[in-house]
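Just so you know, all these numbers are worked out from the coordinates, no wet-lab data involved. These numbers were taken from a predicted model, which means no experiment stands behind them. Cβ sites come from the backbone with ideal geometry, for glycine too, and all protein chains shown count toward neighbours.
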Amino acid sequence: MNSISFPCRVRCCSVHWLGRPIMFKEPAAKFTFFKYKKSEGLKWSNICQARPASLKCIQTEVKNNTSVARSLRHISHTGEQVTGFEKANTLSLIRAAAVLKLCSYDFVVNNGIKMFDIGIAVFGRRAFGAFMRWTFYGQFCLGTNNEEIMKTSRILNDAGLKLILCTTVEEESLNRVLDKQSEKAWFEENVKSLLDCVKKTSDVAISQGPKIMQMKLTALMKSSLCEKITQHLNKGNEDDLTEMFDACLANKFEDSPLFTADENQQVHGAMLQLLEVLSYAEKKDVYIMLDAEYTDINPTIVLVAKSLMKRFNKTKPTVQTTYQAYLKSALDDVKKDLDFCLRSNLHFGVKIVRGAYMNAERHKAAAKNREDPICEDWNSTNDNYNRVVSHILQRVSSQTKPAINVTVATHNEESVTLAIDRMIWNKIDSSSGQVTFAQIYGLSDYLSNSLAVNGFLVYKSVPIGGMEETLPYLSRRVHENNGLMKKTRKDRDLIWKELRKRFVLF
Ligand SMILES: Cc1cc2nc3c(=O)[nH]c(=O)nc-3n(C[C@H](O)[C@H](O)[C@H](O)COP(=O)(O)OP(=O)(O)OC[C@H]3O[C@@H](n4cnc5c(N)ncnc54)[C@H](O)[C@@H]3O)c2cc1C
């Protein structure tokens, strides 16, 4: 298939992306008749005379015939996709197919950590480690040392993909180490890991686009303390708490009557540690995305983030927050915090996810006899996600300074398609760095590759660290994303398609 035609002078034109139609809805759009031939190095701007700016959204710079062919094939009516698997080596494809298939079984997902411990006990650390290294660790992690991370980063960079690094530290992992070291030492160790992660994020960023890192507040502040802060927030103590966080960051901290002496010390310590990590990130030009966690922690994360933003987001969105669209309150929360930033003349960076803790949230709500904070069903979560993304993208286009940056973090094709549609509608340049897409490393690679080939900024989120910290972390993520792991069918089908092509050839 080397020619594609678009309807002549229509008011509304449908183009296909991942086999689904994207609607160009602007009434003034006039598409001129166009036939693409592989031999002609045509630019996207040739396709549409009326709206070259919006086409920039799809493909900013078409470098050669091959990439034109790939992009056009990608959105053609044949439904054929650029998967990126064409370039992968056969062994890594077999591994991906096997690991993703295993992760689709409930038994594996629910017993990951136990199986890891049993594997080590039965086969020994070395043998089992080697097996895991080739399978699960190899599929979802970059490697243990800088060299391995750099090597993978270069390969991804050639495919137009960037990395969001994250550490494996979060409070659940504290339980695994408590017998070996004290809590205080654990938090101090986490600071070192976070600083190292900032450095690595900066080192691996070979190409243009924001340098981004992900972290959890509970890596530095105990979740029980976060819950207590949220309770005080709910009682109307927002001003006192804001004052307390601001004072910590200015190193003018005085004990608050809301907390015990020990808690006051913990708040002060955690804020100073955050300050150290953020100052280093600012110096290295790395943006830090604070993950969203549970609803009894999230308000604290946002409040802490706001204090940090006042310090770090005057010229760029160094501190970024996350909103979970499975929460009924997501759109209101985003609007409130966005307005706070714009009123305070601060840059606003946001990651939009569906949310990973649905079952736990529902259980907690039922146990405490509270209203379920999660949207009642899958469709309402989707609608909510799309509403939040549409709202933010509309604000991105209408706001120049201070700027708004958004990361559409999802593996869901419909949401990605909607985001592209909204970018086109709002005339957002895909290379501006204000809108980025993110998927987990080792998952939905076909989607990431398709986006990258079409000129979007795409990141793969990946934990760094040795196998013993990373695998339990991954196991928790896989467990939380049980639903997602069951939906790797398309990944596997495309991988098998590529493998069949290779085996038929030989
Ligand atoms: C880069 C990146 C960063 C992330 N950061 C965070 C973070 O900070 N915090 C966080 O919580 N998660 C985070 N996640 C995970 C994310 O929230 C999702 O769990 C995961 O991405 C799956 O959602 P999806 O949109 O990709 O896939 P989909 O398969 O389209 O959606 C699955 C999600 O839909 C929701 N859902 C499923 N069934 C129902 C139902 N019956 N009712 C209501 N909702 C339902 C759940 O949230 C489920 O996780 C991150 C993901 C990525 C890729």
Report summary line: Along principal axes, largest first, the alpha-carbon spread of the stretch 313-432 in whole Å comes out as 45, 31, 18
Requested in this report: Kindly write out, for the stretch 355-369 in residue order, the coupling ³J(HN,Hα) from the Karplus curve 6.51 cos²θ - 1.76 cosθ + 1.60 (θ = phi - 60°), rounded to whole Hz, with x marking Gly and Pro.
Outcome: x, 10, 10, 4, 5, 4, 4, 5, 4, 4, 4, 5, 5, 9, 6
Requested in this report: Give the order of SER432, SER224 when sorted by the count of other beta carbons within 10 angstrom, beginning with the fewest.
Outcome: SER224, SER432
Query raised in the report: Fewest to most neighbouring Cβ within 10 Å: what's the order for TYR323, TYR473, TYR357?
Result: TYR357, TYR473, TYR323
Report task. Would you order ASP383, ASP445, ASP333, ASP239 from fewest to most other beta-carbon atoms within 10 Å of each residue's own beta-carbon? Result -> ASP239, ASP383, ASP333, ASP445
Query raised in the report: Using the Cα atoms of the stretch 109-161 to build a convex hull, what is its mean projected area in square nanometres?
Result: 4.5
**Report entry** Fraction of beta bridges assigned by DSSP in the stretch 313-432 that are antiparallel (%, nearest 5)
**Finding:** 10
Query raised in the report: Are there trypsin sites (Lys or Arg not before Pro) in the stretch 336-442 that DSSP marks as loop and that have at most 14 other Cβ atoms within 10 Å, and which are they?
Result: LYS368, ARG370, LYS427
Requested in this report: Could you work out the mean projected area of the convex hull around the alpha carbons of the stretch 252-367, in square nanometres to one decimal?
Outcome: 8.6
Report summary line: Residues meeting the amide H criterion for ILE440 (H placed from the backbone, H to H distance under 5 Å, 5 or more places apart or on another chain) are SER461
